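Worksheet: the structure to be examined is printed underneath.
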Amino acid sequence: MATVLERVTKVVVDRLGVDESEVKVEASFREDLGADSLDVVELVMELEDEFDMEISDEDAEKIATVGDAISYIEGKVS
Amino acid sequence: MGKLDGKTAVVTGASRGIGRAIALQLAAEGANVVVNFSGSEQKANEVVTEVQNLGSQAIAVQANISDSESVQQLMNAAIEQFGTIDILVNNAGITRDNLLMRMKEDEWDDVINTNLKGVFLCTKAVTRQMMKQRAGRIINISSIVGVMGNAGQANYVAAKAGVIGLTKTTARELASRNILVNAIAPGFITTEMTDALPEDVKSTMLSQIPLAKLGSSEDVAKAVVFLASDDASYMTGQTLHIDGGMYM
């Protein structure tokens, strides 16, 4: 079973077309990974599908970095 | 072969008038149609039967488009039945005409909620699906009065002008995802609404129309088919005026 980090990384790489090595925990989707605001919305949609969960708009607004996404998902899954 | 074979269209307010004509014209080009209605279930079921007679599939779904939960249920029903939503036609609208000075707050609110907020809610609700598909067409039915103004219709005109602005913004936001958003501004179209007008009002109207006749619901519906088809793949954020030249 892939870890949350691995699964998030795969979604980010697929969605944003960045290299896997760029997807660090502290990386900001918008500032470091070149995402625009619509990309971030789509990224959240794909994370919802990948982890079979719903992320409310309020929560989604707080997800700015790879680490934010991982800790949000881990907080929901466990 | 139709221009819209295998596509799924959601048409709001499709049980009567222009919406009904749009549903049938889309079906004639091969699209499956979700016939939304608010009150007239029997009329909606008749449209479903007519669509089926044209060889396409259809379902009738009751929904109040000014309520986000109701809108979500509408779109869920569409996805459940057909798997995709390729075309959204925001057609549903109401009128509560009154002079500005006499217009009650609830007359204003009702029209804005259905005719403008309803377009926002339906658009928002299909965006996720269309973004995933990397394709979609949204066609908003505005009105000539949204461009020219009309005495006695402050609420309706404000909503219809708002729809044109919403069309442009949605077009800009979603262009990168290949979701094209356009509006149609019908002029005077023969419907139950215009049939009810007195003769002298009708003749005054006709004198302002260069083509000197009222339009038909089919005239509007054919423009919808165009905007929904591959023929319009390089157009977004535009308003087509189907009004016999009344506004130019």
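The C-alpha atoms of chain B define a longest principal axis, and helix B:41-53 lies at about 60 degrees to it. At a probe of 1.4 Å, how much accessible area disappears from chains B and A on forming the pair, both sides counted, to the nearest 100 Å²? What B and A bury together is about 700 Å².
So what's the gap between the Cα centers of region B:35-53 and region B:191-248, to the nearest angstrom? Each part reduced to its Cα centre gives a spacing of 23 Å. Taken over region B:45-191, the alpha-carbon convex hull comes to 123 cubic angstrom per residue. Rounded to the nearest 20 debye, the dipole size of the protein assembly as shown about its Cα centre is 1220 debye, using +1 on the Cβ of Lys and Arg and -1 on the Cβ of Asp and Glu. Per residue, chain B exposes 47 Å² of accessible surface when a 1.4 Å probe is rolled over the protein heavy atoms with every protein chain present. Computed 3J(HN,Hα) for region B:236-248, one whole-Hz value per residue from the Karplus formula 6.51 cos²θ - 1.76 cosθ + 1.60 where θ = phi - 60°, is 8, x, 9, 10, 8, 9, 10, 9, x, x, 4, 10, 7, glycine and proline marked x. Computed from point charges on the beta carbon alone (+1 for Lys and Arg, -1 for Asp and Glu), the dipole magnitude for chain B about its Cα centre is near 740 Debye.
Couplings 3J(HN,Hα) for region B:62-75, derived from phi with the Karplus relation 6.51 cos²θ - 1.76 cosθ + 1.60 (θ = phi - 60°), are 6, 7, 8, 6, 8, 10, 5, 5, 4, 5, 4, 5, 4, 5 Hz, where x marks Gly and Pro. By accessible area, using a 1.4 Å probe on protein heavy atoms only, chain A has 46% of its surface on carbon and sulfur.
Accessible area per residue was computed with a 1.4 Å probe on protein heavy atoms; B:Asp97 scores about 90 Å². Per residue, the convex hull spanned by the Cα atoms of region B:1-66 amounts to 66 cubic angstrom.
Per-residue accessible area (protein heavy atoms, 1.4 Å probe) orders B:Phe120, A:Phe29 as B:Phe120, A:Phe29, starting from the largest.
Within the accessible area of region B:111-201, what % is carbon and sulfur when the probe is 1.4 Å and the other protein chains stay in place? Solvent-exposed carbon and sulfur of region B:111-201 make up 57 percent of the total.
Per residue, chain B reaches -14000 deg cm²/dmol at 222 nm when only DSSP H runs of four or more residues are counted, each adding -39500 (n - 2.57). A cut-off under 11 angstrom between Cβ atoms defines the neighbours of B:Glu107, and their net charge, with Lys, Arg +1 and Asp, Glu -1, is -2.
Between the Cα long axis of helix B:217-228 and the first principal axis of chain B there is an angle of about 40°, rounded to the nearest 10.
Between B:Val33 and B:Ala9, B:Gln57, B:Ala58, B:Ile59, the built amide H atoms are under 5 Å apart, and every one of these is 5 or more places off in sequence or on another chain.
In the structure shown, do any of A:Lys10/A:Lys62; B:Lys132/B:Lys160; A:Lys24/A:Lys76; A:Lys24/A:Lys62; A:Lys62/B:Lys124; B:Lys124/B:Lys222 have a Cα-Cα gap over 27 Å, and if so which? Listed pairs above 27 Å: B:Lys132/B:Lys160. Close amide H partners of B:Gln238, meaning residues 5 or more places away or on another chain with modelled amide H under 5 Å apart, are B:Ala183. Here, chain A is characterised by an Rg to Rh ratio of 0.91, where Rg is the alpha-carbon radius of gyration and Rh the Kirkwood radius. Evaluated with a Cβ-only charge set (Lys, Arg +1; Asp, Glu -1), region A:4-75 carries a dipole of roughly 220 debye about its Cα centre, given to the nearest 20. Specify the angular offset, from 0 to 90 degrees and rounded to the nearest 10, of the alpha carbon long axis of helix B:154-174 from the longest principal axis of the alpha carbons in chain B. Roughly 30 degrees, rounded to the nearest 10. What the phi angles of region B:119-136 give under the Karplus curve with 6.51, -1.76 and 1.60, with θ = phi - 60°, is a coupling list of 5, 4, 5, 5, 4, 4, 6, 9, 4, 4, 4, 5, 5, 5, 6, 6, 6, x Hz, glycine and proline written as x.
Semi-axes of the equivalent ellipsoid of chain B are 27, 20, 19 Å, computed as sqrt(5λ) over the eigenvalues of the C-alpha gyration tensor in descending order.
The values are calculated or read from the model by the stated rules, or taken from the named source; none is laboratory data. What you are looking at is a predicted structure, and each value in this text was computed from that prediction instead of being measured. All Cβ positions, glycine included, derive from the backbone under ideal geometry; neighbour counts span all protein chains shown. All accessible areas refer to the heavy atoms of the entire protein, side chains included, with ligands and DNA or RNA removed. Shrake-Rupley method; radii C 1.70, N 1.55, O 1.52, S 1.80 Å.
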